[in-house]
1. Among (1) farther than 12 Å from Ala615 by Cα; (2) buried (at least 17 other Cβ atoms within 10 Å of the Cβ); (3) without any contact (Cβ under 8 Å) to a residue 40 or more places away in the chain, there is one condition Ala715 misses while meeting the rest; what is its number?
2. What are the residue pairs meeting all of these: first residue in segment 601-629, first residue without any contact (Cβ under 8 Å) to a residue 12 or more places away in the chain and over 27 Å from Pro552 (Cα atoms), second residue among the hydrophobic types (A, V, I, L, M, F, W, C) and surrounded by fewer than 24 Cβ atoms within 10 Å (Cβ to Cβ), Cβ atoms under 9 Å, and 6 or more apart or on different chains?
3. Inside segment 550-569, can you point out the residues that are within 21 Å of Lys95 (Cα to Cα), within 14 Å of the chain's Cα centre (by Cα) and open to solvent by 20 Å² or more (accessible area, probe 1.4 Å)?
4. Out of Ser371, Ser381, Ser352, I need the residue that is loosely packed, with under 14 Cβ neighbours inside 10 Å and under 30 Å from Pro448 (Cα atoms). Which one?
5. Of the residues that sit in segment 11-43 and are of a type in the set (A, V, I, L, M), open to solvent by less than 60 Å² (accessible area, probe 1.4 Å) and more than 20 Å from Glu174 (Cα to Cα), which one is modelled with the lowest pLDDT?
6. Select the helices (runs of 4 or more DSSP H) contained entirely in segment 572-668, then report the ones holding at least 3 residues which are under 22 Å from Val362 (Cβ atoms) and under 24 Å from the mean Cα position of the chain (by Cα).
7. Any chance segment 442-449 includes a residue that's closer than 25 Å to Arg543 by Cα and either crowded, with 16+ Cβ neighbours inside 10 Å or of a type outside the set (A, V, I, L, M) (or both)?
8. Given Leu467, Leu547, Leu489, which one is surrounded by fewer than 24 Cβ atoms within 10 Å (Cβ to Cβ), modelled with pLDDT of 95 or more and aliphatic (A, V, I, L, M)?
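The values are calculated or read from the model by the stated rules, or taken from the named source; none is laboratory data. Keep in mind that this is a model prediction, so the values were computed, not measured. Ideal geometry is used to build each Cβ from the backbone, glycine not excepted, and the neighbour counts take in all protein chains shown. Ligands, DNA and RNA are excluded from the accessible area calculation, which covers all protein heavy atoms including side chains. Shrake-Rupley method; radii C 1.70, N 1.55, O 1.52, S 1.80 Å.
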Amino acid sequence: MKKILLSMLMLLPMLAAAQTVTSPNGNIAVKFAVVDNGRPCYEMSFKGKPVVNRSYLGLELAKDKHASAGMDETDLMDQFSVVNVENTSFDETWKPVWGETATIRNHYNEMAVTLQQRTEYSKVTAVNPTEEGRAFHERLRTIIIRFRVYDDGMGFRYEFPQQKELNYFLIKEEHSEFAMTGDHTAWWLPGDYDTQEQETQQTKLSEIRARMQKAVNWGNSSVAVFSETGVQTSLQMKSTDGLYINIHEAACADYATMHLELVDAQTKGLSTKLGGGSNAYTPNPSASAWPLPKPFTFVSHLTPDATGLKGAMQTPCETPWRTVMVSDDARDMLSSNLILNLNEPCKIEDTSWIHPTKYCGVWWEMIVGKSNWHYTDDFPSIKLDQIDWKSVKPHGRHAANNEKVKRYIDFAAKNGLDEVLVEGWNVGWEDWANMWKRDVFDFQTPYPDFDIKMLNDYAHSKGVKLLMHHETSSSTQNYERHMEKAFQLMNHYGYDAVKTGYVGDIIPRGDHHYSQSMNNHYLYVVKEAAKHHIMVNAHEATRPTGLCRTWPNLVGNESARGTEYEAFGGSRPDHTCILPFTRLQGGPMDYTPGIFVTKLSEWSDNPSWARITLAGSLALYLTMYSPLQMAADLPENYEKFDDAFQFIRDVACDWDDSRYLEAEPADYITVARKAKGTDNWFVGGKCDENGHTAVVRLDFLDKGRKYDCTIYADAPNAHYETNPQAYTITKKTVKAGQTLKIKEAPGGGFAVSLIAK
């Protein structure tokens, strides 16, 4: 009772002058007001419960050295007054090119608040360049803060109309706050300017600082952690009273990626330097220029560019949407389309060439260490235009060779897979890992043992395509220099998809993977690829924010700790029960699932092992949604378990309907999906190290119809550590109204195909 009274008292000062907008169903309310010397703020509630306490909004601007001499810069933080409030409603249903459902409803109520800032600035005159010679002028600036409130959450953004007093401006920091109502349980990744390849942590908000040093994957190829209390989005939380809360962003274009910094008693508004590399963030004393937020408040923290600035803007412009999802049912977190809905509609007129894809590839054996990307050991470094590759002696471990690629093509054709990824096909891999090398690849010249024409002709004769690979080594200028000819090469040989990579520190040096300039680069690649009818699967790029709605040729991203880490020491069994609540909120992930032989020492010298059962691997094709799904293991490993591989042959990767049946972050997920253009359903369940008994009510099936049901489940003695390959296959006939109870082993799961008769 005391906690409830305290929360109510915290809200009272704001209510009198607040503007309010509610969700269409009335469950979510967002209030906005200008308080305390003209500072914009908001609060949010769900079914009467506080979700976000009073939180301030604004941007801190940087002095432009090219501005008129002596002119002061005024931050967009306070001294605002409300000059207009416009409330509107919107309701549409749109069809995604690919997705979890055939249609998506975009239904929200909107409140656009126009704010005017009236300040004085001084300017030193040329006649008398002294303090006495300063002339004072009145400056009027206008911004709009737009709120969109849905039944499952809300988004807000800053908009900057074109105006004389706010034309070009530099962002020093964005100060958007998210004041949590208590010490929630959180599933988080360390805030980092360059990598998301961390393992999710589960702690109370108050425990983030103590866990940070251990949470960081310091061995990653590029690490830039900025604070002991900094975390990444999408951030999933759960309150003690059962609310699921998620903070993320949508439509991040021409802007830096947002992180969150938790302000606690020790932080006191300042970032603290965390060891682990020269990229660590240096505290900025000016961050404490405004009153401190209350404990358990997150403040936005943008990724800087090489100069340390967070953004360069020209009006008219706007920021990405800052999003807060909330529900008292975890399943609503997974089924939400809020992020997609906050993005612009599709900008590609003809999307007929964009298609969901199931593929295999020459990749896993290189990740594991059995073979190599590079061709020769004869050179300590490579200059592409100075090597006669036909005269170079191969070391014999190069995986992207004609014989092996044909083997994968045959496997794909036999098993109904659409494409074959081949990494290491192009010259330059010998010294690509030198992270300061600018001119790494030309993306056009194959190694001598990779006959690009013959292999593409062979693949097409089998009804299969090759999937291109462009590892940029994070040298973005080099990639943009060669991109047009590289895409022309793809068009010439019939490639329709490319996997890009950005391993290592960004070149130009000093920039970061998630800066404004890099986000512009990633989107530039997608747009240029669209001109060539090429789909993009970007690895090591920034985390998605729903831009795949606008540019649906962006069919996948990695942007998280994927299956490759099973060869680098492994991930916890609950890892894939967290990612759908966090990373997948912004768009699908190319997780590269399907590892059947989990103990890698059975076929290589790698001692690592994947912490998942074989049935759990099948489940990922449902629980880890993506229109781009890889059968990542070796063909010979699948051939050992051909009856289980049948599910990978059968399962779709594009859907007309999806129903999340069970869900709890880090514990379990059960989902049923209806294959596009059919009456067939597939069900998958994945759990953590504790195991789970799934209860699958077949209420989603058509009444009066029978289905051939095949259940791929963990055997009674299955366990991710001791017996990962123990599985059972059960076949029966089922109909709507029946219930399946399926036991999932520790680290395991299940998969079900339901084929309509």
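1. Against the list (1) farther than 12 Å from Ala615 by Cα; (2) buried (at least 17 other Cβ atoms within 10 Å of the Cβ); (3) without any contact (Cβ under 8 Å) to a residue 40 or more places away in the chain, Ala715 comes up short only on (1).
2. That search, which allows pairs on different chains as well, returns Ser601/Trp609; Pro607/Leu600.
3. Leu554
4. Details: Ser371 fails: loosely packed, with under 14 Cβ neighbours inside 10 Å; Ser352 fails: under 30 Å from Pro448 (Cα atoms).
Exactly one of Ser371, Ser381, Ser352 is loosely packed, with under 14 Cβ neighbours inside 10 Å and under 30 Å from Pro448 (Cα atoms), namely Ser381.
5. Looking only at segment 11-43, we keep the residues that are of a type in the set (A, V, I, L, M), and these are 11-12, 14-18, 21, 28-30, 33-35.
Retained after the next criterion (residues that are open to solvent by less than 60 Å² (accessible area, probe 1.4 Å)): 11, 14, 18, 21, 28-30, 33-35.
Now restrict to residues that are more than 20 Å from Glu174 (Cα to Cα): 11, 14, 18, 21, 28-30.
Numbers: Leu11: 42, Met14: 47, Ala18: 89, Val21: 98, Ile28: 98, Ala29: 98, Val30: 98.
Of everything passing the filter in segment 11-43, Leu11 is modelled with the lowest pLDDT.
6. Counting at least 3 such residues, we get 614-623.
7. Yes, segment 442-449 contains at least one residue that is closer than 25 Å to Arg543 by Cα and either crowded, with 16+ Cβ neighbours inside 10 Å or of a type outside the set (A, V, I, L, M) (or both).
8. Leu489
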